[in-house]
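Following: one structure in structure tokens, then a few remarks.
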Amino acid sequence: MHPIAGSVPYGYEPPAENRKGTLAVYDTFQQLADDALARAAETAKKRDFAALVLYPLHEDTVRRMTKEAVLPYHKRLDRLHEWKRSYEETLIRAGVRVFVEGLEGKRKKYTPMETALRHLADAYPSPLFLYLTPEMANRFASFSSFESWIVKVRLLLASEPSNLHPLLAEHARRWEVADRT
């Protein structure tokens, strides 16, 4: 006799979920090469995150934040989907789900970082960790909402920062360099 699908023996306790939280890569994905994405994915795997979220910024957001020119949003999004397809199997075997977040593509305009963080915190498992380049981390620290968000998220920096925003230095216990672990 075959057991009914979905039935479990009396007293069965499901195994505890050992994967927690979300690692969100918040970036333009203009300069971030595939090997940098692979390092973020390895960090998600090594630290047992449940989800890796790639959050590409819309051109209007980039223009307001940095004044630099970037490829159109859809081209950077296509590149991320291509990378995801090539790397996803490795991450799925490790238990990490990969998402390419499309909020900015739906909005098609400037999206404040606070709005993006609120969306990420609501949509994905907590705790929320942000994987940022040192430049993006310094930019984040310059925003007026930084002090209210730094207590809700932790930062993993892609590399050692050469210069540090004073608020990042003040909140040094809330961030670390990802490769140091």
Spin-label model distance (nm) - residue 145 vs residue 81, 7 Å beyond Cα toward Cβ: 2.7 nm
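Can you give the Rg to Rh ratio for region 128-168, taking only C-alpha atoms and Rh from Kirkwood? Spell out each step's value before the answer.
On the way: Rg = 9.5 Å, Rh = 10.3 Å.
For region 128-168, the value is 0.92.
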At q = 0.16, 0.18, 0.19 Å⁻¹, what base-10 log of I(q)/I(0) does the Debye formula yield for region 22-180 when every alpha carbon is treated as an equal point scatterer in vacuo? -0.89, -1.16, -1.30
Rg and Dmax of region 74-157, using alpha carbons, in Å: what are they? 14.3, 40
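Work out how much length residue 107 to residue 38 would gain on full extension: take 0.36 nm times their residue separation and subtract the Cα-Cα distance, in nm to one decimal.
Working: separation 69, 0.36 × 69 = 24.84 nm, distance 2.78 nm.
Full-extension gain reported as 22.1 nm.
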Counting helices only, and only those DSSP H runs with n ≥ 4, report the 222 nm mean residue ellipticity of the chain as the sum of -39,500 (n - 2.57) divided by its residues, in deg cm²/dmol to the nearest 500. -12000 deg cm²/dmol
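Tell me, what is the percent relative contact order of region 22-180, built from C-alpha pairs under 8 Å that lie six or more residues apart?
Numbers: 229 pairs, mean separation 40.2, N = 159.
Over region 22-180, the number comes to 25 percent.
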Between residue 10 and residue 126, what is the label-to-label distance in nm when each label sits 7 Å out along the Cα-to-Cβ direction? 3.9 nm
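Each value in this text was obtained by applying a stated rule to the coordinates, not by laboratory testing. For clarity, every value in this text was computed on a predicted model and none was experimentally measured. When we count neighbours, we look across all protein chains shown, and the Cβ atoms used for this are built from the backbone with ideal geometry, even at glycine.
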